[in-house]
1. What whole-number distance in Å separates the alpha-carbon centres of segment 47-115 and segment 15-39?
2. Excluding residues on the same chain fewer than 8 positions from LYS3, give the lysines whose Cα lies under 20 Å from its Cα.
3. In a Gaussian network model over the chain where Cα atoms closer than 10 Å are linked, find which of GLY111, GLY15, GLY181 has the largest mean-square fluctuation.
4. Share of antiparallel DSSP beta bridges in the chain, in percent to the nearest 5?
5. Students often forget the sequence filter, so: which lysines lie under 29 Å Cα-Cα from LYS105 once same-chain residues fewer than 8 apart are removed?
6. Run lengths n ≥ 4 of DSSP H only: what is the helix-derived mean residue ellipticity at 222 nm for the chain, with -39500 (n - 2.57) per run over all residues, to the nearest 500?
7. Going by C-beta contacts inside 10 Å, put ILE266, ILE64 in order with the fewest on the left.
8. Which of the trypsin sites (Lys or Arg not before Pro) across segment 1-101 are loop residues per DSSP, with 13 or fewer other Cβ within 10 Å?
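Just so it is clear, none of the values below were taken in a lab; they were calculated from the coordinates. A quick note: this is a predicted structure, and the numbers were derived from the prediction, not measured. Backbone-built Cβ (ideal geometry, glycine too); neighbour counts: all protein chains shown.
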Amino acid sequence: MKKIRKAVIPAAGLGTRFLPATKSIPKEMIPIVDTPMIQLIVEEVVKSGIEEIVLITARNKGEIEDHFDYAFEVETTLDRKGKTELADVSRRIAKMCNIISIRQKNPLGLGHAVLCAEAAIGDEPFAVLLGDDLVDAVIPCTKQLIDIYEKHKASVVGVMEVPAEETSKYGIVSGREVESGTWKIDQLIEKPAPGQTQSRLAIPGRYILTPNIFDCLRRTKPGSGGEIQLTDALQLLASEDALYAHRFQGTRYDTGDRVGFIDATISYALKRPELRDAVKLIMKKHLGESQ
Ligand code: G1P
């Protein structure tokens, strides 16, 4: 069984839900406290034992590549001033991984974005992480899914339970529970209308895929929203091969949504020892004012 060595991170979206911030900077570069969201995603990949990242980008996304490169003038200036620790913060990001970037020239959907990675992935299993979903976990979410992939020797999607009224926001899976927290999937529906499925198992943007997904993607017609959906290709994979779902441990934040983004910002700030007390004071002040 081949090891997971590569991860695909689709980052080609316009990020219009975050206008005006995304007018001239990529959505992925918006920070949670002081760290761009894409760096948090890349850190999950690296902590999961993967060193090669295939970034699917579009026009005006150059800052993402710059972020994972050395910033010579910043680093040498800091070194000269004796601020090597800060210079190392910058250098560490460049050392973290190798990035291959590929342009998705037409916005044809998530499935199409993953298909754009085929030449860089080849005949290997790989991870996919969506940038709008942050998962804070002791064992990185992607690592948890790699363990399930190794156990069942098949593709795996991470799942979480969502309230019935939220199923229309996600790819929803259903199947047979083969062991506590792991299902063999029979059916997947992208953003089901209310009542279309009883299942509440939603995919929040974490996948381990075997390379036969590319053939499934090529045969997938445009679906929800007129786009080529990864979820629809996964239905082919589940029918023709095998697909598992695993309920990962950890807290997931929907940073593609304003409220989810604020939730993540507060949670990540409270976890930083040097910020915690100050943030708590600010929160107390604002809560007092709003009563
Ligand atoms: C995408 C996927 C969907 C998944 C979701 C997770 O949808 O198509 O299956 O559940 O990400 O965030 P999007 O949110 O990009 O519309």
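1. Result: 14 Å between the Cα centres.
2. Straight-line reach from LYS3, under 20 Å: LYS47, LYS143, LYS151, LYS153.
3. Sorting by GNM fluctuation, first place goes to GLY181.
4. On the way: 28 of 47 bridges.
The antiparallel fraction comes to roughly 60 percent.
5. In chain and number order, the partners are LYS6, LYS23, LYS27, LYS61, LYS95, LYS169, LYS191, LYS221.
6. Details: 11 runs with 108 residues, N = 291.
Result for the chain, helices only: -11000 deg cm²/dmol.
7. Values: ILE266 15, ILE64 23.
So the residues, fewest neighbours to most, are ILE266, ILE64.
8. Numbers: sites: LYS2, LYS3, ARG5, LYS6, ARG17, LYS23, LYS27, LYS47, ARG59, LYS61, ARG80, LYS81, LYS83, ARG91, ARG92, LYS95; in loops: LYS2, LYS3, ARG5, ARG59, LYS61, LYS81, LYS83.
Of the trypsin sites (Lys or Arg not before Pro), the ones in loops of segment 1-101 whose Cβ has at most 13 other Cβ atoms within 10 Å are LYS2, LYS3, ARG59, LYS81, LYS83.
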